[in-house]
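The values are calculated or read from the model by the stated rules, or taken from the named source; none is laboratory data. Just so we're clear, the structure is a prediction, and the values are computed from it rather than from any experiment. We place every Cβ from the backbone using ideal geometry, glycine too, and count neighbours over all the protein chains shown.
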Amino acid sequence: MTTNTTLIRGIVGLDSWTSQFTFAPAVGANWSPDRPVTNLGGMPLYRVGETLTGSQADTVFVATSPTPRPVGLLAFIGHNSVHDDDTFDVEFFGDEDLEVPVHQIMGEEFWPTVYDRASLPIEHESFWTGKYTLRQKQRKRVPIRPVWIPQPVMCKGIRVTVHKFDPTTGPFRCRMFEIALGYQFSINPEFGMQYGLRFRTTSVEAVSGHKEFDRLPAPQTWKGTLKYLPQDEARQRMYDALEDNDLNTPFLFFPFPSRKIDWLRMVSFVRNTDPGLYSIVAARHDEVPFAYEGVL
């Protein structure tokens with residue numbers, strides 16, 4: 001048996017609780033009536049939530065559920081933060097009135113340090129900051145900032161505060177705020193896991209050979225195999241998730257959680273594509289294929 005011990009075990013946003021939470025502005029916060037905060041709680045991604053201003057008084061929202069939910073994975077999906085020093089706080093509460101705090105994450109950067117500056121030549125774009133450059137940030141059509149909590153927090157309320165370093169740059173905007181339990185594979189995918197883009201750009205070629213292009217966004221694609229996954233995990237997590245999500249329900253895929261340098265380019269909000277059939281490969285172990293495509 002050959003086991004991949006190099007890659008970091010991926011995280012899948014199962015089970016997703018986003019639709020089970022009700023989103024609202026925090027007391028005193030003002031969100032656009034045309035782009036309400038409720039848009040953060042569901043699809044499609046072209047519907048955004050947007051604050052009226054960039055001031056901290058406005059850039060706060062809450063999400064509440066009548067039923068306690070174990071939360072281990074969060075994500076700002078399609079956020080418009082670009083400043084290196086923009087941060088956020090996430091506070092968890094055991095009640096819907098947000099009076100019983102149970103956990104907090106404070107002062108997290110939207111754009112954490114991803115490079116070891118000591119390893120960078122002085123001419124490197126990120127030498128002085130150790131962070132993604134503006135060019136890198138703007139390349140991603142739907143930037144995602146994940147938050148992984150290894151020990152899930154049981155809560156009924158969440159309050160999120162965004163701190164814009166320069167409030168005069170305009171309102172905070174986000175397409176979705178994902179809330180999930182989060183499930184981490186117990187093993188690494190087999191070597192040979194594939195990833196890339198499904199190109200949708202079209203072209204028209206003239207008789208002369210000149211081409212005109214209509215450039216379209218390209219979704220990320222992933223395809224891999226969990227070769228010797230314990231049978232209970234294979235069936236109770238991965239197989240059940242196929243039935244629950246089918247090909248239409250999106251979820252978060254966080255393939256390399258400890259490699260911050262890859263967060264921007266690799267964390268994806270995805271749907272299943274047909275992965276093929278599972279196989280029984282050993283006593284109490286299954287071979288589990290997975291195939292995902294990013295949501296645009």
Given the conditions (1) touching an Asp or Glu at 6+ places or on another chain (Cβ under 8 Å); (2) assigned to a strand (DSSP E or B); (3) of a type in the set (Val, Ile, Thr), which single one is not true for Thr129?
(2)
Inside segment 18-35, can you point out the residues that are under 22 Å from Lys156 (Cβ atoms), touching a strand residue (DSSP E or B) at 6+ places or on another chain (Cβ under 7 Å) and of a type outside the set (Phe, Trp, Tyr)?
Thr18, Gln20, Thr22, Ala24, Pro25, Ala26, Ala29
Condition (residue is free of Cβ contacts under 8 Å to residues at least 40 places away in the same chain and either of a type outside the set (Gly, Ala, Ser) or assigned to a loop (DSSP other than H, G, I, E, B) (or both)) applied to segment 142-151: is it met by at least one residue?
no
Could you please tell me which pairs satisfy a Cβ distance under 8 Å, a separation of 6+ or placement on different chains, a first residue in segment 189-210 that is more than 30 Å from Ile11 (Cβ to Cβ), and a second residue that is in a loop (DSSP other than H, G, I, E, B)?
Thr201/Arg215; Thr201/Leu216; Thr201/Ala218; Thr202/Leu216
Ile144 closer than 30 Å to Phe213 by Cα, in the same structural domain as Glu50 (by TED's automatic domain parsing) and β-branched (Val, Ile, Thr)
yes
All conditions in (1) charged (D, E, K, R); (2) in a helix (DSSP H, G or I); (3) more than 22 Å from the chain's Cα centre (by Cα) are true of Glu243 except (3)
Exactly one of (1) in a strand (DSSP E or B); (2) aliphatic (A, V, I, L, M); (3) within 15 Å of the chain's Cα centre (by Cα) is unmet by Leu45. Its number?
(1)
